[in-house]
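For reference, the structure is listed below as structure tokens.
The values are calculated or read from the model by the stated rules, or taken from the named source; none is laboratory data. These numbers were taken from a predicted model, which means no experiment stands behind them. Note: ideal-geometry Cβ built from the backbone for every residue, glycine included; neighbour counts use all protein chains shown. Ligands, DNA and RNA are stripped out before the accessible areas are found, and what is left, the full protein with its side chains, is counted by its heavy atoms. Shrake-Rupley method; radii C 1.70, N 1.55, O 1.52, S 1.80 Å.
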Amino acid sequence: MTSRVYLDARAPLHPAARAAILEALDDGWADPGRLHSEGRRAAALADRAKETIAGHLGARPAELRLTPTHTASLHRAVVDVVAARRRLGGRVVHSAVERAALLAAADQAEPVSVPVRSDGRVDLDAWRAALAEPAALAALQHANPEVGTIQPLPEAHEAAAAAGVPLLVDAGATIGHVPAPPAWDLLAADPASWGGPAGLGVLAVRPRVRTRATGPADEEPWVGVSLPLLAGAAAALDAVASRRAEAAPRRRVLLERIRACLGTIPDVEVPGDPATGLPHVMTFSCLYVDGEALLTELDRRGVAVGSGSACTASTLEPSHVLVAMGVLTHGNVRLTLPVDVTDEQVDTLCAALPDAVAAVRAMLGTSGL
Amino acid sequence: MIVDARGDRCPMPIIRLARAAAGANPGTAVTVLWTDAAARHDIAAWARMRGHRVVGEEVAEPADGHQAWATTVLLGGAGTTTAATLR
């Protein structure tokens, strides 16, 4: 009996997060806005957690705004900046490979999609050209959560700053795993990607950025956040980031091994650049393969993976990221290696992959095509 | 040659296109009708991987109320995109 191998994007809850959550359930239940001892204890707990998270983001605690989810962070960043800069028009300049939540928010304004190259990096010439006209906001991810491609943030930020446009950076796939983004005006981070609990989003906003809350103002926006989840997110981030120097190169080597075993399977495409991308994220697409069937075959063999395939429902669009990069969109699997991934787990994956792909292809009768 | 894959979900349009191509001579034009949104991108990717060429896309008769398209692929000859010929 071998144990399960879990390689999907939402990281398993880190043991340090679990311990901090339980502790905070005892210490952090009171209203941190109150002045009594119980309230001050809760406030101190929240302050420590915010300080920890802010430190890892390269932000100040006062710049943090907490939200219910990463999706909510992206929505709020776009909507609040566009509302504050309305007189500049509603153009939101973004790369074609941003997260769906960001694209949905941009669609509420005037989205300007900037194409990417075949490796997934934004076309900087097109980016600069898009910023030549007035814009309310620019948005570029730190790295793509599907293919792991790291974006040229220093250049993109320089162009946005020169145009006087704030840059929103979606760091939802990167914080804790690689150094924090070098340049941003607004930064969104996702605790669920570093082993923190789901149910909390982190948005950092530089003081120079004007935002306008839509809807009624919340007098103390962060008081309503679950303090246990906040404490858990901070503890997990500390734990994961402290292992980064060791975990990043080890995981990059394991990604190379996976790439080598994919090389033995016919007609598999691996988009992105493995040398410069994230050390723990990769995607691949298998010709003539139904992504959902492949996910199921791998699951039967003890391996849990993610999928960006559209084959799961007739109404679903193919992954806009793979489309923008011009690669095969079906038979797609996304792998995210957790910080404590082992050689044995990758061995299990590599043993399962050829069989699983062959099983789906046999089912669809594609041999010799 | 026409492959009617309207109503098929990915990756079936590509598989049916590949089956039709398998029995055809180089230079044959194969037109595949499709409704699944992934097909546009995956026909292009398949053609690139197999050394064929997409030569056109047109709107086709809708099927069951779904918007449909017709993409035509010109089949390449055996070995036309091998490393040897590229060099």
The computed P(r) of the protein assembly as shown puts the percent of Cα pairs beyond 40 Å at 26 percent
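So how much slack lies between A:V253 and A:S118, counting 0.36 nm per residue of separation and subtracting their Cα-Cα distance, in nm?
Details: separation 135, 0.36 × 135 = 48.60 nm, distance 2.33 nm.
Gain on stretching A:V253 to A:S118: 46.3 nm.
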Give me the number: length gained by fully extending A:E155 to A:E133, i.e. 0.36 nm times residue separation minus the C-alpha to C-alpha distance, one decimal in nm.
6.2 nm
Of all beta bridges DSSP finds with both residues in the protein assembly as shown, what is the antiparallel percent, to the nearest 5?
60 percent
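Mind checking A:283-294 for the average number of partner chain beta-carbons within 10 Å of each residue's beta-carbon?
Working: counts 0, 0, 3, 1, 9, 7, 3, 5, 3, 1, 1, 0.
That works out to 3 on average.
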Chains A and B: buried accessible surface, both sides, probe 1.4 Å, rounded to 100 Å²?
1700 Å²
Let's test the formula: R0 of 51 Å, r as the Cβ-Cβ distance of A:T69 and B:A22. What FRET efficiency results, to the nearest 0.05?
0.60
Using the Kirkwood formula over every pair of different C-alpha atoms, what hydrodynamic radius in Å results for the range A:98-228?
15.9 Å
Shielding by partners, peptide A:361-369 (average Cβ within 10 angstrom, other chains):
3
So, with a 1.4 angstrom probe, what is the percent of accessible area on the protein assembly as shown that is carbon and sulfur?
53 percent
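Eigenvalues of the Cα gyration tensor times 5, then square-rooted: what semi-axes does that give for the range A:15-242, in whole angstrom, largest first? Spell out each step's value before the answer.
Values: eigenvalues 203, 77, 34 Å².
Ellipsoid half-lengths, sorted descending, are 32, 20, 13 Å.
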Cα gyration tensor, the range A:277-369 - rounded (a/c under 1.5), prolate or oblate:
oblate
Solvent-accessible area lost in complex, 50 Å² minimum, residues of the range B:1-23 relative to chain alone, 1.4 Å:
B:R9, B:C10, B:P11, B:I15, B:R19
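In what sequence, largest accessible area first, do A:R210, A:R10 appear using a 1.4 Å probe? Walk me through the numbers before you get to the answer.
On the way: A:R210 115, A:R10 145 Å².
Reading off the accessible areas and sorting them downward yields A:R10, A:R210.
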For the pair A:R34 and B:V54, the simple spin-label estimate (label points 7 Å beyond Cα toward Cβ) gives in nm 6.3 nm
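Taking every DSSP beta bridge that has both residues in the range B:2-78, what percent is antiparallel when rounded to the nearest 5? Walk me through the numbers before you get to the answer.
On the way: 14 of 18 bridges.
Beta bridges within the range B:2-78, antiparallel portion: roughly 80 percent.
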In the range A:318-349, what residues drop by 50 Å² or more of accessible area when the other protein chains are put back, versus the chain on its own? Use 1.4 Å, and skip ligands and nucleic acids.
A:H330
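Using mean Cβ contacts within 10 Å as the protection proxy, how do A:336-349, A:249-262 order, highest first? Intermediate results must be reported in sequence, preceding the final value.
Details: A:336-349: 18.9, A:249-262: 16.4.
Taking the mean over residues of other Cβ atoms within 10 Å, the ranking is A:336-349, A:249-262.
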What's the average, rounded to a whole number, of partner chain beta-carbon atoms within 10 Å of each residue's beta-carbon in B:41-48?
6
What percentages make up the Cα-Cα pair-distance distribution of the range A:171-289 when the bins are 10 Å wide from 0?
11, 31, 29, 18, 9, 2
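How many times 2.2 N^0.38 Å is the alpha carbon radius of gyration of the range B:2-78?
Working: Rg = 11.5 Å, N = 77, 2.2 N^0.38 = 11.5 Å.
This ratio for the range B:2-78 stands at 1.00.
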With each pseudo-label sitting 7 Å past Cα toward Cβ, what's the A:S367-A:R206 distance in nm, one decimal?
6.0 nm
Order of A:172-178, A:266-272, A:321-327 by packing, highest average Cβ count within 10 Å first?
A:172-178, A:321-327, A:266-272
Net dipole in debye of the protein assembly as shown [+1 Lys, Arg Cβ; -1 Asp, Glu Cβ; about Cα centre; nearest 20]
620 debye
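State in Å² the accessible area per residue of chain A; use a 1.4 Å probe, count heavy atoms of protein chains only, and round to the nearest integer.
Numbers: 15120 Å² over 369 residues.
Value returned for chain A: 41 Å² of accessible area per residue.
Between A:A213 and A:A245, take the C-beta separation as r, use R0 = 35 Å, and let me know the FRET efficiency to the nearest 0.05. Working shown, then result.
Details: r = 39 Å, r/R0 = 1.12.
E(calc), rounded to 0.05, equals 0.35.
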